[in-house]
Amino acid sequence: RHVVNILSIHPDDRELTQALNAIRGLTSRGLSVANCVGLYAELAEGKQLTLNLQDYTVSQLRQKLIEGAMDHELIYLPSKNIHFDVDKDSFNAIENLRVKIDLDLVMQSVGNLLENAGKYSFRDKRVRVYVGATSRRFTLTVGDVGITLSRGDAAMCVERHWRSEYVRKYIRDVGQGIGLWIVAEVMKCHKGAFEPVPTTPSNYTEFKLHFPLER
């Protein structure tokens, strides 16, 4: 019943800005869930995902990642005090690099990774999003400090409906075990690769999206 003109918001009106950002985050979360269900239905029926491939600079992708990280920080388990951080410095050397991707599917995949990171990170920790590139591929990484992903788990977590024994025993909201499977399928369609990296001794776990670069 009340319409807010975002352009008229005073820069110092932080409470209103935060409220609007929270609304955006909730809307984004609802859309992500709906998209995930739709992707699952298509893939479960054996359909091939149709990609809308377009060229984006890494700089353009950075802004979308910042928005996605902000949305998750505002709405996902705020009581855990997890900070979702996009490492802007990692973009500087390659900000003009162009990647051909389906942006909606890539952001859905990143959203799945951010959701898992928030769910399985320890309290008061940081979820880090950063990028890198070689002459042949562009890599986007989501890393967190939390529950261990063993080498065996890293190999199995891309299977549909798979959940680790630890998660089944001790985590209340275990989900359906389809998030990482969808990420892996999206990366296959991009002719890329999804790489879950086993947890280090310092409890740091990374999930990498590798995209091929046109030569």
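Could you tell me which residue of region 84-106 is most open to solvent (accessible area, probe 1.4 Å), considering only residues that are touching a helix residue (DSSP H, G or I) at 6+ places or on another chain (Cβ under 6 Å) and outside any helix (DSSP H, G or I)? The qualifying residue most open to solvent (accessible area, probe 1.4 Å) is Glu95.
For Arg126, are the conditions met, namely being more than 22 Å from Ala41 (Cα to Cα) and open to solvent by 30 Å² or more (accessible area, probe 1.4 Å)? Yes: the conditions hold for Arg126. When Ser202, Ser109 are screened for being assigned to a loop (DSSP other than H, G, I, E, B) and on the phi < 0 side of the Ramachandran plot, only Ser202 passes. Go through (1) outside any loop (DSSP other than H, G, I, E, B); (2) farther than 22 Å from Asp85 by Cβ; (3) touching a residue at least 60 places away in the same chain (Cβ under 8 Å) and name the single condition Asp153 misses. Unmet for Asp153, out of (1) outside any loop (DSSP other than H, G, I, E, B); (2) farther than 22 Å from Asp85 by Cβ; (3) touching a residue at least 60 places away in the same chain (Cβ under 8 Å): (3). Give the residues of region 160-201 that are surrounded by fewer than 20 Cβ atoms within 10 Å (Cβ to Cβ), among the acidic types (Asp, Glu) and at pLDDT 90 or above, sorted by residue number. Answer for region 160-201, where residues must be surrounded by fewer than 20 Cβ atoms within 10 Å (Cβ to Cβ), among the acidic types (Asp, Glu) and at pLDDT 90 or above: just Glu195.
Only residues that are touching a Leu at 6+ places or on another chain (Cβ under 8 Å), of a type in the set (Val, Ile, Thr) and at pLDDT below 95 were counted in region 135-159, giving 1. One residue stands out in region 107-123 among those that are more than 18 Å from His210 (Cα to Cα) and in contact with a Phe, Trp or Tyr (Cβ under 9 Å, 6 or more places away or on another chain): the one that is surrounded by the fewest Cβ atoms within 10 Å (Cβ to Cβ), namely Glu115. Figure legend. Inter-residue proximity from region 130-141: first residues within 16 Å of Met187 (Cβ to Cβ), second residues among the acidic types (Asp, Glu) and open to solvent by 20 Å² or more (accessible area, probe 1.4 Å), beta-carbon distance below 7 Å, spacing 6+ or different chains. Indicated pairs: Thr141/Glu206. Looking at the structure I just gave you, is Gln54 exposed (fewer than 13 other Cβ atoms within 10 Å of the Cβ) and either closer than 22 Å to Ser109 by Cα or at pLDDT below 65 (or both)? Here the answer is yes, as Gln54 does meet what is asked. Somewhere in region 59-81, is a residue open to solvent by 30 Å² or more (accessible area, probe 1.4 Å), under 24 Å from Val167 (Cα atoms), not aromatic (Phe, Trp, Tyr) and not in a helix (DSSP H, G or I)? Within region 59-81, one or more residues are open to solvent by 30 Å² or more (accessible area, probe 1.4 Å), under 24 Å from Val167 (Cα atoms), not aromatic (Phe, Trp, Tyr) and not in a helix (DSSP H, G or I).
The values are calculated or read from the model by the stated rules, or taken from the named source; none is laboratory data. What you see is a predicted model, and the numbers here were worked out from it, not measured in a lab. Using ideal geometry, Cβ is built from the backbone for each residue, glycine included, and neighbour counts are taken over all protein chains shown. Protein only, heavy atoms only, side chains kept; ligands, DNA and RNA dropped before computing areas. Shrake-Rupley method; radii C 1.70, N 1.55, O 1.52, S 1.80 Å.
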